[in-house]
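The values are calculated or read from the model by the stated rules, or taken from the named source; none is laboratory data. Since this is a predicted model, take the numbers as computed values, not measurements. Every residue, glycine among them, receives a Cβ derived from its backbone with ideal geometry; neighbour counts consider all protein chains shown. Only protein heavy atoms, including side chains, enter the accessible area calculation; ligands, DNA and RNA are left aside. Shrake-Rupley method; radii C 1.70, N 1.55, O 1.52, S 1.80 Å.
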Amino acid sequence: MENLLSILPVLATDLSLTDFTFWIGFAAMFAATLFFFNAMNLVADKWKTSMLVSALITAIAALHYYYMRNAAMEGDITTAYRYVDWILTVPLMCVEFYLILKPSGASKSLLWKLIALSVIMLVTGYFGEAGIMGLDAQLWGLASGIAYFLILHEVAMGGAAKLAKSAGGNVESAHKMLVKFVFIGWAIYPIGYMAGTDGWYSGLFSGLAGQMDVIYNIGDAVNKIGFGLVVYNLAVSK
Ligand SMILES: *C/C=C(C)/C=C/C=C(C)/C=C/C1=C(C)CCCC1(C)C
C-alpha cells in the first residue's frame, strides 16, 4: 500500500494542505475556464457575454493560483496576489448580476454601486491583512464587513432584488441563487480573515489558525465556479 501511494507525487512529497489546495484550486479554475468558454458556443446569443465573463473570472483566478501556489511552496506570502485576483474577479461577479438583470432594466449606476462597494470591501480587507496605517486588523475588517453587508443588502433586498422579481421566471431563480452565494459562499472569507489576523475573535477561531489560505481557496472554488454554473444553468434553460 505504501508503495502504491508513493507513486502519487502529491502523497510522496510533504506537500502541505495549503499547497495542495492551491494546486487543486489551479486545476479546478483551469478546467472551469475551458468549460465556460466552450459553453459560449452552446448558449443563445443573449447569454454569450455572461458565459464569457464566467470564463474570465475563473481564468484570472487560474493565473493567480499558478503564482500563489509557487509562492506558497517557496514559503512566501500570497496576500498581494490574492487581493489583485479579487479586485479583478469580484467586480466581474457584480457584472454577472448586472448582465442577467439588464433586460429587466438594470442601470449602470446599480453596477457601479456594486463595484464601488466591492472595491471598498477588498481595499479595507487588504489594509487589515497588510497591517497598513497602524489600524487594527479588526477595525479594517469591520469596515470591510460593512461594505459586504451593503452589497448583500443591495442584491437581496435593494434595487437588484426588485428587478429580479419583476423579471420573474428563470432569471429570478438564478438571481436568488447568486444571492445565496453572496450570503453563504462569501461569508467563508471573513472566517479566513479572522483565522489569519488578530482581534477580539482570535480565541474563537484558534482551531483554524494558520489555515487562512486554505479557507480562502475553498471560498474561491465554491464562489467562482458556483457563480459560473448558476449563469450556465440559466443560459441553457428554456
Ligand atoms: C472570487 C473572490 C471572491 C468572491 C472574494 C470575496 C471576498 C470577500 C467577500 C471578502 C470579504 C472580507 C470581509 C467581509 C471582512 C474581512 C476582509 C475580507 C476582505 C476577507
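Some observations on this one:
- Value of D in µm² per second that Stokes-Einstein yields for the range 119-186, Kirkwood Rh from Cα pairs, at 25 °C (0.890 mPa s): 187
- Protection-proxy order for peptides 92-100, 72-80, each taking the mean of Cβ atoms within 10 Å per residue, highest first: 92-100, 72-80
- Accessible surface of the chain, 1.4 Å probe, proportion on carbon and sulfur as whole %: 69
- Orientation-averaged projection of the range 135-227 equals 6.5 nm² [convex hull of Cα atoms, one quarter of hull surface area].
- Of all lysines in the structure, those lying under 23 Å Cα to Cα from K162, and not within fewer than 8 positions of it along the same chain, are K46, K102, K108, K113, K176, K180, K238.
- Projected label distance in nm at S107 and F149, using a 7 Å step from Cα toward the beta-carbon: 2.6
- The chain has equivalent-ellipsoid semi-axes of 31, 25, 14 Å, by the square roots of 5 times the alpha carbon gyration tensor eigenvalues, sorted largest first.
- For the pair M177 and K165, the difference between a 0.36 nm per residue extended length and the Cα-Cα distance amounts to 3.0 nm.
- Largest GNM mean-square fluctuation across T49, T124, T18, computed for the chain with C-alpha springs under 10 Å, falls on T49.
- One chain, two ends: M157 and L204. Fully extended at 0.36 nm per residue, the span grows by 13.9 nm beyond their Cα-Cα distance.
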